[in-house]
Structure formats: structure tokens, C-alpha cells
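Asker: Dumping the structure here so I can ask a few things about it.
The values are calculated or read from the model by the stated rules, or taken from the named source; none is laboratory data. Only a predicted model underlies this, so the values are computations on that prediction, with no experimental measurement involved. Glycine gets a Cβ as well: all are built from the backbone with ideal geometry, and neighbour counts include every protein chain shown. For the accessible areas, the whole protein counts, side chains as well, though only heavy atoms, and no ligand, DNA or RNA atoms are used. Shrake-Rupley method; radii C 1.70, N 1.55, O 1.52, S 1.80 Å.
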Amino acid sequence: MPKTDCADVFKHEIIRKYFDTVYRLALSRTNNKDWAEDVLQDVFLKYIESNKVFQDEEHIKAWLITVTVNCTKRLFRAPWNVRHVPITEDIVFETPERNDVYSAVAKLPAKYRTVIHLFYYEDMSIKQIAQCLGMKENTVKSNLHRARSMLKPLLGGREDYEF
């Protein structure tokens, strides 16, 4: 049986803790379960192979989110991907309203889906999103505002939707 040290145990705990966060962000950006799973594997492989020293757990989370965004960008730039159209996935939600919101968010450009996802689904502050994505806080605020404006007509003018 291989010897396990404290660093391995810590990395496994971090993977368990942020698995859903990375997967949901990848799914939000790709709109494809298979691609999201590929990104998830890439992100955690990079994390496991990384010898990077993190300041704290928030730093780890920010690093994982940044790597997830970069992996999805790389996926979209891949030559084989440029010639293929993703298969749409049907995801089942608890309520029809949540399905409507998810479908509307999925229609947004990736940069708007990303800020919506991080703000509403990951409960990140504008400052945290800006740091993770390497943007100015005002850019994040603008992207959130534009995303909400784009969502309004997609949701029939409703403003009471729940993410």
C-alpha cells in the first residue's frame, strides 16, 4: 500500500471541497457535461501536479477558478472544437422556474455566464470575482449589469427570478 503524506491528504480534501464548484463553473462556461468533466479533470490534475504554495484556502479557491476559466478558454480555441457544435444537454431542476433561469443563463456569452455563476451560485463578492478573473471591479459590475439586462427579455421581463 502506498505511503500517504499530509500534503496528499490535504490535496484530496481540497479536491472534495471544490469539486462541485469547479464542475458547475466548467458546465456553466461550456454548456456541455462531457466538456465540463474534461475541464474538471484538467483543473485537478494541474492542482495535484502543482508545487505552488498557497497563502490560504481562499487563494486555493481563486486559483482553481482561474485555472477553470483558462481551461475552458483553451477548450474553445482548440482546432477540433472550432469545427464542432456541442450537443445540448437536458439538466433536470427541482422547479420549472430554475430550469427557465438556467436555460436563459446558458444563452448568455461566456463572460456573462461566468460572472453570473460566480456571483449567484458560488456566492463570491465582486472583489473576489475581479481577483479571480483578473478584471477590475467595475468591469465585473458592468458585466453583471449587462448579464441581468440580457436575462430580463429572455425571462419574459420578469425580475423576480431566482438563481
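Asker: Each label point is 7 Å from the Cα along the Cα-to-Cβ direction; what then is the distance between the points at Asp20 and Glu58, in nm?
Answerer: Placing both labels 7 Å beyond Cα along the Cβ direction yields 2.2 nm.
Asker: Report ³J(HN,Hα) in whole Hz for each residue of region 55-61, in order, from the Karplus equation J = 6.51 cos²θ - 1.76 cosθ + 1.60 where θ = phi - 60°; Gly and Pro get x.
Answerer: For region 55-61, the Karplus curve yields 6, 7, 5, 4, 5, 4, 4 Hz.
Asker: Follow-up. Can you sort Phe19, Phe119 by 1.4 Å-probe accessible area, starting with the largest?
Answerer: Phe19, Phe119
Asker: How large is ³J(HN,Hα) for each residue in region 13-18, as worked out from phi by the Karplus curve 6.51 cos²θ - 1.76 cosθ + 1.60 (θ = phi - 60°), to whole Hz, x for Gly and Pro?
Answerer: In residue order, the calculated couplings are 5, 5, 4, 4, 5, 9 Hz.
Asker: Next up: Enumerate the calculated ³J(HN,Hα) couplings along region 100-106 in order (Karplus 6.51 cos²θ - 1.76 cosθ + 1.60, θ = phi - 60°), each rounded to whole Hz, writing x wherever the residue is Gly or Pro.
Answerer: 4, 5, 4, 4, 5, 4, 5
Asker: On to the next question. In this model, which of Lys33/Lys141; Lys73/Lys136; Lys61/Lys141; Lys46/Lys141 are farther than 23 Å apart at the alpha-carbon?
Answerer: Lys33/Lys141; Lys46/Lys141
Asker: I've got another one for you. Simple spin-label model, 7 Å along Cα-to-Cβ: His145 to Lys111 in nm?
Answerer: Roughly 1.5 nm, to one decimal.
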